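Read-outs: derived from the displayed coordinates by stated rules, not from any lab. This structure is a prediction, so every number in the text was calculated from the model and none was measured. So basically every Cβ, Gly included, is an ideal-geometry build from the backbone, and we count neighbours across all protein chains shown.
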Amino acid sequence: MTRTMLVASAGGHLDELMIHVDRLGIDTDDAVWVTSPTPQTESLLRDQNVVWIPRVGSGEAFKAIRALPKAIQIQRQVKPDLVVTTGALFAAPHILAATLARCETWFIDSATRVAGPSSTGKFAQRFTRAKLYTQNAGWDDAWTLVPSVFDAFEAYPRPGGAPAPLNRVTVSLGSELWPFPRAIERVISLLPEAAITWQVGTTSFSRDGQPLRQWLPAEELRAAISASDLVVMHAGVGSVLVALDEGKVPVILPRRQHHKEMVDDHQTEIAAVLADRGLAITVDPDELTAEHLSRAAGLAARRRPEFRA
């Protein structure tokens, strides 16, 4: 039996890792998960063996460096035969600790990285002995191509067309460290009467004197998405995967570095890929219109036959 350590930051990276574990046949009979505690991770991993450690957000390089001694300690305690991770910076000290311990390591870069490796991917390529995997073609020979998590889905016109009016809406802005008020303000202006389930993450925002909800447990968010006429979200892999799995083609509002909503503009890249696949309606928040909302509500998503359970 292989003792596997599965490392991912909370949010989309964890969602991707859970899919890759199934599709790549990774042994989880004796697995230990390493992530940070949030309502989503605690509900997703409720029955799993988990080591909970503090979050390391994008751009928090010094915090990642300080996490190395703890990563080495975890490596020694777990004694894994294999470490598998989808990043992000959160995972850097753990893949380094695995290299120091001469433990086999797989680094699968996120589907959001279209043109080339993430910063953590570049770190893994330069400073560790990890086997490197990409979900997008065209990278250099150091990277082995594996199927994208989005290959499992297809979109089709919803029978009967778009629901009108859009009564139930879910807005999910992920777990990024940067606020995203542009998205909230635009949705409110276009859907003033809709019943909206909010997950605004680190964005602090009040409407009619009431703060919008920042975090929902994974089951509650999934149930809200399933019951919604429309889903609006940032270009986070985890958020989009949940929407597609619940049959929704989301409106994606990518975060932009220029507006200090993200450390770089990689969300625009993955948003464009999803739009090309027909799996999302992609638009900058400032350009969002009622027509975009209606188009998304008129579409549905499903798993391709070869990926259905």
Rounded to 5, percent antiparallel among DSSP beta bridges of segment 153-307: 40
Computed label-point distance, nm, for sites ASN49 and GLU291 using a 7 Å Cα→Cβ extension: 5.6
Fewest-first sequence of THR289, THR112 by Cβ atoms within 10 Å of each Cβ: THR289, THR112
Placed amide H near GLU261: partners under 5 Å, 5+ positions off or other chain: ARG256
Dimensions (Å) - segment 116-218, Cα atoms, principal axes, largest first: 53, 37, 24
Entries in LYS79/LYS260; LYS79/LYS122; LYS70/LYS131; LYS70/LYS248 that, when Cα-Cα distance is taken, lie over 32 Å: LYS79/LYS260; LYS70/LYS248
The chain: relative contact order as a whole-number percent, Cα under 8 Å and 6+ apart: 17
Integer Hz, Karplus 6.51/-1.76/1.60 couplings in order for segment 84-91, x for Gly and Pro: 10, 8, 10, x, 9, 3, 3, 7
Among beta bridges that DSSP assigns inside the chain, antiparallel share in %, nearest 5: 20
Residue exposure sequence - ILE252, ILE19 - by fewest surrounding Cβ within 10 Å: ILE19, ILE252
SER206-GLU60 FRET efficiency (beta carbon distance; Förster radius 41 Å; 0.05 resolution): 0.90
Label-point separation in nm, LEU145 to HIS258, each point 7 Å along Cα→Cβ: 3.2
Using θ = phi - 60° and Karplus 6.51 cos²θ - 1.76 cosθ + 1.60, couplings along segment 140-157 (whole Hz; Gly, Pro as x): 6, 5, 5, 10, 9, 7, 10, x, 6, 5, 8, 5, 6, 10, 9, 10, 8, x
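Using 0.36 nm times the number of residues separating ARG277 and LYS79, minus their current alpha carbon distance, what extension gain do you get? Provide the component values of the computation, followed by the final result.
Details: separation 198, 0.36 × 198 = 71.28 nm, distance 4.10 nm.
Separation in residues times 0.36 nm, less the Cα-Cα distance, equals 67.2 nm.
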Burial ordering of MET18, MET1, fewest other beta-carbon atoms within 10 Å first: MET1, MET18
Translational diffusion coefficient (Stokes-Einstein; Kirkwood radius from C-alpha pairs) of segment 153-307 at 37 °C, 0.692 mPa s, in µm²/s: 213
Interchain or long-range residues, amide H under 5 Å from ARG3's placed H: ASP81, LEU82
Value in Å of the Kirkwood radius, where segment 1-131 supplies the Cα pairs that are averaged: 14.4
Distance between segment 258-295 and segment 217-240 - C-alpha centres, whole angstrom: 16
Full-stretch length increase - TYR156, ARG3 - with 0.36 nm per residue and alpha-carbon distance subtracted: 51.0 nm
Choice from LEU14, LEU230, LEU191 showing the highest fluctuation, given a GNM over the chain with Cα pairs closer than 10 Å: LEU191
³J(HN,Hα) computed for each position of segment 26-33 - Karplus, 6.51 cos²θ - 1.76 cosθ + 1.60, integer Hz, glycine/proline x: 6, 5, 10, 4, 10, 9, 10, 8
Fraction of alpha-carbon pairs over 24 Å apart in the chain - percent: 52
